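Working notes, structure below.
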Amino acid sequence: MGDPPVLTLRLLLRRTAGTSAAASVGYARVVPIRASSTGLLSAMVKTVEMNITVQYRNVNVLFRSGYDRAVAVSTNQLSGVQARTRAAILAATASALAVNRTATMPEIATAAGVGRTTLHRYFADRETLIHETTLDSIRVLMQAVDEAATEDGPAAEAMRRFITAGVSIGERLVFLFGDPAVLRDIPPVQSPNEEAVITLITRGQHEGVFDPDLDPAWIWHALYALILRGCEQAIAGALPRHTVAPLIIRTFERGVSPAR
C-alpha cells in the first residue's frame, strides 16, 4: 500500500536519521545535516510538527551522502536588523552575479557591505547563497508583477506598467534569466509564473492593441528578449537606466517601423 497520502515531517526526518539529506518543501529549504544525534532529531521533529504538515506527493527529498552543511538560522528568528542585513545580502548577490557569474563569496561580501564572517553567518557557502538568492529573486519578481496590476485598466496601459516594473528590478531579472543554470534545479511549482503576462497579452489581442494573428507566447518571448536585453545594457552602462523602460515600450508598441 505504501505510505498514506498525508505525512508530517516527523516521518520524513525519522527516515533520514543517520544520513545526509536535503529536503525542499514549497519555498522552505532544509540544508543537509547529519541527523545522528537523537536529541537533535527530536528537536527538529518538535519544531517542524508545530508548523508544517505536508502532502506526501509534494515532498522532494535529495540524499547526498557524505555532504554536511550547517543549518542557517531560520528567517523567522531574525531580528529587524538581521532581516534587513539578510535582504541586503540577497539583493547584492543578485546584482553581483548579474554582472559577474563567477563572483566569489569575498566579492559578494564587499558588494553587500558586510564582512566575510557576517556573510558566512547568514549563508554557509556559495551554493546555499545562490539558491536563496534565486528564491528571493523569484519572490521579488512576482511581487513586481502583482504591483503592476496587469488585470486593471486598458491592456496597453497595463503592459506599460508591467514593462516598467520589470525594468525596475533589472538586476534580479538578469540574475534569474541571464544564465539558464540558475533556474535549472528550481521545481516548476517554485519557478516564475508567466500566466499573468500571457493573460494580459491575450486580453490586449481582444482589445485590438496586440496583433491577434500572433501566438501570445510568441509575443511574450519577443517582449522578454527586449526586457532582458535592455536590463543587460543598463547594467553594463551602455544605456542610461531611466531610458530603458520607455525604449522597450516604444519598440514593443511600434516595432521598428517609423512613426506615422
Looking at R29, is it farther than 25 Å from F175 by Cβ and modelled with pLDDT under 50? no
Output the residue which, of all residues in the range 93-133 that are part of a helix (DSSP H, G or I) and of a type in the set (D, E), is surrounded by the most Cβ atoms within 10 Å (Cβ to Cβ). E132
Go through the residues of the range 98-108 one by one and say whether even a single one is touching a Ser or Thr at 6+ places or on another chain (Cβ under 9 Å), closer than 27 Å to A181 by Cβ and without any contact (Cβ under 8 Å) to a residue 24 or more places away in the chain. yes
Modelled with pLDDT under 95, more than 23 Å from L247 (Cβ to Cβ), in the same structural domain as A155 (by TED's automatic domain parsing) and part of a loop (DSSP other than H, G, I, E, B) - does that describe any residue in the range 193-202? yes
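Evaluate the following for S168: is it small (G, A, S) and at pLDDT below 95?
no
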Take L141 and decide whether it is within 30 Å of E207 (Cα to Cα), out of contact with any Ser or Thr (no Cβ under 7 Å at 6 or more places or on another chain) and either modelled with pLDDT of 95 or more or surrounded by 15 or more Cβ atoms within 10 Å (Cβ to Cβ) (or both). yes
Residue check, A238 free of Cβ contacts under 8 Å to residues at least 60 places away in the same chain, of a type outside the set (V, I, T) and assigned to a helix (DSSP H, G or I): no
Out of T202, T243, I need the residue that is out of contact with any Leu (no Cβ under 9 Å at 6 or more places or on another chain) and either over 20 Å from A155 (Cα atoms) or among the small types (G, A, S) (or both). Which one? T243
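The values are calculated or read from the model by the stated rules, or taken from the named source; none is laboratory data. Every value quoted in this text rests on a predicted model; they were computed, and no experiment measured them. Cβ atoms come from the backbone with ideal geometry, glycine included; neighbour counts cover every protein chain shown.
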